[in-house]
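The values are calculated or read from the model by the stated rules, or taken from the named source; none is laboratory data. Here the structure is a predicted model, which means the values were calculated and not measured. In this analysis, Cβ positions are derived from the backbone assuming ideal geometry, glycine residues included, and neighbour counts consider all displayed protein chains.
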Amino acid sequence: MSGVLFTGKVFRGNFEADGELLSPDVTITIKSVVHFKTLDATSKPDPSARRRYLFFGRPGEFFAVHEITARPSIDHILPITIDDPDVAQLAFPAATAVRVPGKDNRSSRLTSGETADADFLEATAPDGQNGFRSNIVAGDEIFFDDQFVK
């Protein structure tokens, strides 16, 4: 899918909920896809699940996106800083599953300045261990919406 071009509009906020139009005609080129999954409309929430995020990026520019697995859910994007300098030098070119303590719902989403122990379930640690834990710090929220996934 790399190299695919399409045109669109850029909004601040949610374009379906009176978002502010910033640019009416832009061309977007997809450089890479970090995650692709078909959603199953019949999936039920796991009441024992911790907060579920997908983590991706490169050193100095990491992001967490809430992982939508069932209804109800949230659409949430925010930048992340990693406290551990060795882990902070890793690259995450494809989204990797991260679990954070707390309930996986709107009121318990990661918030700006929050520090949390994150379990990187599928990533390889600097010492070669598969799966590891590291402290992360949430940055200012880029996007949040819970209107369309109830």
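Annotations for the structure displayed:
- Positions within the stretch 2-25 being modelled with pLDDT of 90 or more, touching a Ser or Thr at 6+ places or on another chain (Cβ under 8 Å) and exposed (fewer than 10 other Cβ atoms within 10 Å of the Cβ), in sequence order: Leu5, Phe6, Thr7, Asp25
- Residue match in the stretch 118-126 (condition: farther than 19 Å from His35 by Cβ and either at pLDDT below 95 or crowded, with 19+ Cβ neighbours inside 10 Å (or both)): yes
- Positions within the stretch 13-25 being assigned to a loop (DSSP other than H, G, I, E, B) and in contact with a strand residue (DSSP E or B) (Cβ under 9 Å, 6 or more places away or on another chain), in sequence order: Gly13, Asn14, Gly19
- Only listed residue being among the β-branched types (Val, Ile, Thr) and over 16 Å from the mean Cα position of the chain (by Cα), chosen from Val137, Val87: Val87
- Subset of the stretch 80-117 [hydroxyl-bearing (Ser, Thr, Tyr) and under 26 Å from Ser32 (Cα atoms)]: Thr81, Thr96
- Applying the set (1) hydrophobic (A, V, I, L, M, F, W, C); (2) part of a loop (DSSP other than H, G, I, E, B); (3) not assigned by TED's automatic domain parsing to the domain that holds Leu121 to Ile68 leaves exactly one unmet item: (3).
- Residues of the stretch 26-43 that turn out to be touching a strand residue (DSSP E or B) at 6+ places or on another chain (Cβ under 8 Å), loosely packed, with under 10 Cβ neighbours inside 10 Å, within 25 Å of Glu67 (Cα to Cα) and without any contact (Cβ under 8 Å) to a residue 24 or more places away in the chain, as a count: 0
- The listed residues are Ser48, Ser73, and the only one of them that is within 20 Å of Leu121 (Cβ to Cβ), part of a loop (DSSP other than H, G, I, E, B), modelled with pLDDT under 90 and under 18 Å from the mean Cα position of the chain (by Cα) turns out to be Ser73.
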